[in-house]
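Asks: Mind looking over this structure? Questions follow.
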Amino acid sequence: MEFNEFFVQGMAVLAAGIAMLVGIGPAIGQSLTASKAVEGISRNPDAAGKVRSVMVLGIALAETTGIYSLIIALLLIFLKA
Amino acid sequence: MEGSFDGIIIMIFGYRLELQQSIINWLLLCIIFCGFFYWAGKQFEKADVRKAPSGILLLTEMVCDLCQNILKDNLKEKTRHYLPLLGTLVMMMACSNLLGLLGLQPPTSNLSVNIALALMMFFMIQYNGIRKGGVWNRIKELAEPMWIMMPLNIVGELALPVSLSMRLFGNILAGSIIMMLVYTLLKLVMPFTALMYIATPFLHAYFDIFSGLIQTYIFFTLASFFLSEQVCEEQD
């Protein structure tokens, strides 16, 4: 097998695809956050506004790891492929 | 990358200064904000205190209130002191995230803008930490609970600007790339384009309005939280 530039390009794109598998983690985290928030609101409907704002903050923070993997994937695609 | 460059190239004393499209948008936004708030300030000087505010005065007061509400949760009684800096940045960042709606490139999709903002926050937090009790006190704070934990604490401090800038950059860039892909697809399927235009407002609503404003909120909530650790007195 030849390790030429096309091999590097193909591997970079493949690596970008694998890097985006991180998306599983934030998805699980966000869904857990949302389900707990729904539980909290159903127990105490008066606190719905507060719970919602904290939930949005938590969800956006849980998204961070996914965003990091997205940046790595973009770097791989734009710099190598 | 030479062919794909769109922007202005300035030559100063032999140095090549490249102004990207997004940076130009940021500067334009700066000029617009300067003009707007200078005018609003003049209006405020002339305004009658006894009458209810209307028009431009009402708008400015509402924006000011909004910024104050974002910062109030963490900074508490120090809010007024930091409002001029942080409030201005809140408005600038919110508007720059919304620029995608006009078809312009959002300035925050350029990493240099985000890193500049995050470094500003980082140095402000460290400066306030040192001003509180001197350099030695700050080093002692980093060495809690043991001396062995010091490298970990330092990495934790340095992670703040990286995470702040990368989070914003990734979100806004992802939004603008997805919108670009959708519009490229619209060009390819030319006869059916009119049908697909039904979908784009929803994508704009999510990626530009929702995502952009939430990221602005998070950026300043986190920044003011870390600032309040250094500035506010601890309550028991």
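Bear in mind that the values in this text are calculations on the coordinates, not laboratory data. Since the structure is predicted, the reported quantities are computational estimates derived from the model, not experimental observations. Please note: Cβ atoms are built from the backbone with ideal geometry, for glycine as well, and neighbour counts cover all protein chains shown.
Asks: Expressed in nm to one decimal, what extension gain is obtained for the pair residue B:203 and residue B:132 from 0.36 nm per residue of sequence separation less their Cα-Cα distance?
Replies: Values: separation 71, 0.36 × 71 = 25.56 nm, distance 4.61 nm.
Going from the current span to full extension adds 20.9 nm.
Asks: Longest segment of chain B with no trypsin sites (Lys or Arg not before Pro) in a DSSP loop having at most 15 other Cβ atoms within 10 Å?
Replies: Values: sites that count: B:50, B:51.
My reading of the result: B:52-236 is the longest stretch.
Asks: Continuing with the same structure: Would you mind estimating how fast chain B diffuses translationally, via Stokes-Einstein at 20 °C and 1.002 mPa s with the Kirkwood radius over Cα pairs, in µm²/s? Mind dumping the intermediate values first?
Replies: Details: Rh = 20.7 Å.
It diffuses with D of about 103 µm²/s by this estimate.
Asks: Another question, if that's okay. If I model a spin label at residue B:139 and residue B:189 as a point 7 Å from the Cα along the Cα→Cβ vector, what separation in nanometres do I get?
Replies: So the two model labels end up 6.4 nm from each other.
Asks: What nm value, rounded to one decimal, do you get for the distance between residue A:31 and residue A:48 when each label is placed 7 Å out toward the C-beta?
Replies: With each label placed 7 Å out from Cα toward Cβ, I get 2.5 nm.
Asks: Let's test the formula: R0 of 25 Å, r as the Cβ-Cβ distance of residue B:28 and residue B:66. What FRET efficiency results, to the nearest 0.05? Before the final figure, lay out the partial values.
Replies: On the way: r = 23 Å, r/R0 = 0.91.
About 0.65, to the nearest 0.05.
Asks: For chain B, which span is the longest to avoid every loop-located (per DSSP) member of GluC sites (Glu not before Pro) having at most 16 other Cβ atoms inside 10 Å?
Replies: Numbers: sites that count: B:2, B:233, B:234.
Longest run free of exposed loop sites: B:3-232.
Asks: Also, I was wondering about something else. According to the square roots a ≥ b ≥ c of the eigenvalues of the Cα gyration tensor, what is the shape class of the protein assembly as shown, taking rounded for a/c under 1.5, prolate for a/b larger than b/c otherwise, and oblate for the remainder?
Replies: Values: a/c = 1.38, a/b = 1.19, b/c = 1.16.
Because its axes are fairly even, with a/c under 1.5, the protein assembly as shown counts as rounded.
Asks: Let me ask something else about it. Just add up the charged neighbours of residue A:70: K/R +1, D/E -1, any other residue whose Cβ is under 13 Å from the Cβ of residue A:70. Please list the in-between numbers first.
Replies: On the way: positive: B:167; negative: A:63.
Neighbour charge sum, excluding residue A:70 itself: 0.
Asks: Further, regarding this structure: Choose one answer from B:214, B:172, B:23: the residue with the largest mean-square fluctuation in a GNM of chain B with alpha-carbon springs under 10 Å.
Replies: B:214
Asks: What order do you get for B:184, B:79 when you list them from fewest to most C-beta neighbours inside 10 Å? Each step should come with its number before you reach the end.
Replies: Numbers: B:184 9, B:79 20.
Lowest to highest Cβ neighbour count: B:184, B:79.
Asks: So, one more: Please give the calculated 222 nm ellipticity per residue for the protein assembly as shown, where each DSSP H segment of at least 4 residues contributes -39500 (n - 2.57) and the sum is spread over every residue; nearest 500 deg cm²/dmol?
Replies: Result for the protein assembly as shown: -25500 deg cm²/dmol, rounded to the nearest 500.
Asks: So how far apart, in nm, are the two label points at residue A:57 and residue B:98 if each is 7 Å from Cα heading toward Cβ?
Replies: Going by the 7 Å Cα→Cβ label model, 2.3 nm.
Asks: Same structure, new question: How big is the gap, in Å, between the Cα center of the range B:158-236 and the Cα center of the range A:38-56?
Replies: For the range B:158-236 versus the range A:38-56, the Cα centre distance is 24 Å.
Asks: Lys and Arg at +1, Asp and Glu at -1: add these up for the other residues within a Cβ distance under 14 Å of residue A:47 and post the number. Write down the numbers at each step before the final one.
Replies: Details: positive: A:36, A:43, A:50, A:52; negative: A:39, A:46.
Spelling it out: positives minus negatives among the neighbours equals +2.
Asks: While we're on this one: What is the sum of charges, Lys and Arg at +1 and Asp and Glu at -1, for the other residues whose Cβ falls under 10 Å from the Cβ of residue B:126? List each step's numbers first, then the result.
Replies: Details: positive: B:131, B:138; negative: B:157.
Cβ neighbours under 10 Å give a net charge of +1.
Asks: Once you keep just the Cα pairs under 8 angstrom separated by 6 or more residues, what percentage relative contact order results for chain A?
Replies: Numbers: 58 pairs, mean separation 44.3, N = 81.
Reported as a whole number, the value is 55 percent.
Asks: Averaging over all projection directions, find the projected area of the Cα convex hull of chain A and quote it in nm² with one decimal place.
Replies: Details: hull surface 23.6 nm².
Taking a quarter of the hull surface, the average projection is 5.9 nm².
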